[in-house]
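Below is one structure, written out as structure tokens; the observations come after it.
A short reminder: the numbers here are calculations on the coordinates, not readings from a lab. Given the structure is predicted, the values throughout are model-derived calculations rather than measurements. Here the Cβ is made from the backbone with ideal geometry for all residues, glycine too, and neighbour counts use every protein chain on show.
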Amino acid sequence: MDAAGLVYAGVARQAEMVARGDVSPRDLVEASLERTAQLDPRLNAFRVVFAEQARAEADALGEPDGRPLFGVPVAIKDDQDVAGEPTCFGTSVVMPPAGADSEIVRRLRAAGAIVIGKTNVPELTIWPFTESAGFGVTRNPWDLSRTTGGSSGGSGAAVAAGLVAMGTASDGLGSIRIPAACCGLVGMKPTKDRVALAPKTAETAWHGLAHYGVLTRSVRDTALVLDAIADRPFAEPLVAAAGVTPFRQRIALSFKVPPPLNAPVHREVRAAVEGVAETLRRLGHEVVERDPAYEAGVMFRGMARYFHGIRDDALATGQPRVMERKTKGMMRIARLTPRRRLERSRAEEAEAAQRIEAIFDDVDVVLTPVLAKPPIEVGRFEGRGALAAFNGSGRFVPFPGVWNVTGQPAMSIPAGLSADGLPLGAQLVARRDGEATLVALAAQLEAELGWTDRRPPTS
């Protein structure tokens, strides 16, 4: 099997091949490094690659010992710590080396994974596109003129192009699901507090908006990794749910944009999500038109967490004056946003979550778009101010953020390609702790739609 075949085999198959002795961890590392050297100059997915360190870690693993990710190379988003390496957050600030791995990285290593490198993000992970003054533009392997999304865009590009089978991601207002949709991947934001944020806390991770997860090409791979890194274990392993045909589900199809955002839904996005709905009907599920009880005030106040989280992160670097123009503009917006609005958002979170979750008294899953339009061109907001970028971003990605405010699990799955060959995504949402429901349904859709067979032109 060539390097592309080894990486595109995916997380679960890589681990199985190592366990059987068909390949070694060093073989998998070399495949990822070969692919990265070949393709990353065009993509700019990685900020830094740990080639010799990864080879040494692979050689030091020894014989397979049953750990679920034994020998699997992984990429780490550059807002999560890798011991001995600065966490740059997409900034030009010279940061000190991290003293220890973040908890998500520690758990990946404990499960047998090998860290290949750190992936690019926009400055302070603010935007749904991955471009920064310090580290350049990350490009979509489906079309190099288009964005990978953000803020986990480096991980999205690396997984979609077959540089690694899995990359970590974080999601403050959609940053797992947006790159998944832009790059034709699977990306789940788990239930709030499912995956540990340490050494960050709810306060230091955008005041409770942030969730950690992963990007992969298949539902089974996502389930396997989430089982390994979950801080609060699932009732049953998610990977088992990926192999279960779900009972007849009742699905709410909704194209309503959560207020106060306002965005037209592109006809190709609408058609792709309707296509997923039709597939669900063909599989025996009931699909009805229902809108969640979105509340404009809840989302409006929730954005105060985002603004203040950005300002907190900028100040924590110790050098806010060297930030990009758009970042400084977002800091000014934070200064004008009353902190009591943030505090009210935190105080009302449980009640707001309960109200929006009332839809699950009638249905099992909500189906929406992820993006309002196909992946936008890179550089769309280059040279623009914070308000232009913020408002434009809201029109691009209006659907994911509300579920960060209220904490339910939400998953992006591939919904096909546009006429121009760009990935389109659909979002599945379940009640709190309903990850297994999403995994079972998404795995059934994957078997029917066959998205793991598709590879982008730059691969």
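Considering only Ala19, Ile178, Ser92, and ranking their Cα positions along the charge dipole of the chain that arises from unit charges at the beta-carbon of Lys, Arg, Asp and Glu, the one farthest toward the positive end is Ser92.
List the pairs from Lys189/Lys328; Lys328/Lys373; Lys118/Lys256 whose alpha-carbon separation is above 31 Å, in the order I gave them. Can you show the working numbers first?
Values: Lys189/Lys328 28 Å; Lys328/Lys373 27 Å; Lys118/Lys256 36 Å.
Pairs exceeding the cut-off: Lys118/Lys256.
Of all aspartates and glutamates in the structure, the ones whose alpha carbon falls short of 13 Å from that of Lys192, not counting any fewer than 8 places away in one chain, are Asp171, Asp231, Glu349, Asp433, Glu435.
When both the stretch 302-347 and the stretch 164-188 are represented by their alpha-carbon centers, they are found 24 Å apart.
Packing, as the average of other Cβ atoms within 10 Å across residues, places the peptides 37-47, 430-440, 146-156 in the order 146-156, 430-440, 37-47, highest first. Once backbone amide H atoms are built at 1.01 Å from N, Phe46 has Asn120 as its partners under 5 Å, excluding neighbours fewer than 5 places away on the same chain.
Here's the picture: charge each Lys and Arg Cβ at +1 and each Asp and Glu Cβ at -1 in the stretch 247-299, and of His266, Leu280, Ala293 the one pushed furthest to the positive end of that dipole is Leu280. For the pair the stretch 419-446 and the stretch 60-137, the centres of their Cα atoms are 25 angstrom apart. Note on Lys326: lysines with a C-alpha under 22 Å away, same-chain residues under 8 apart excluded, are Lys77. Here the stretch 273-335 has an Rg and Dmax of 20.4, 57 Å, counting Cα atoms alone.
State to the nearest 20 debye the size of the charge dipole of the chain about its Cα centre, where the only charges are +1 on K and R beta carbons and -1 on D and E beta carbons. Present the calculation step by step, with values, prior to reporting the outcome.
Working: 54 positive and 54 negative charges, 320 e Å.
Charge dipole, the chain, about its Cα centre: 1540 debye, nearest 20.
A convex hull fitted to the Cα coordinates of the chain yields 122 cubic angstrom per residue. When the charge dipole of the chain is built from unit charges on Cβ atoms (+1 for Lys and Arg, -1 for Asp and Glu) and taken about the Cα centre, the candidate among Val49, Leu28, Ala169 whose Cα reaches farthest toward its positive end is Ala169.
In plain terms, if you count all Cα to Cα distances in the stretch 356-459 and split them into 10 Å steps from zero, the share in each step is 13, 37, 33, 16, 2 percent.
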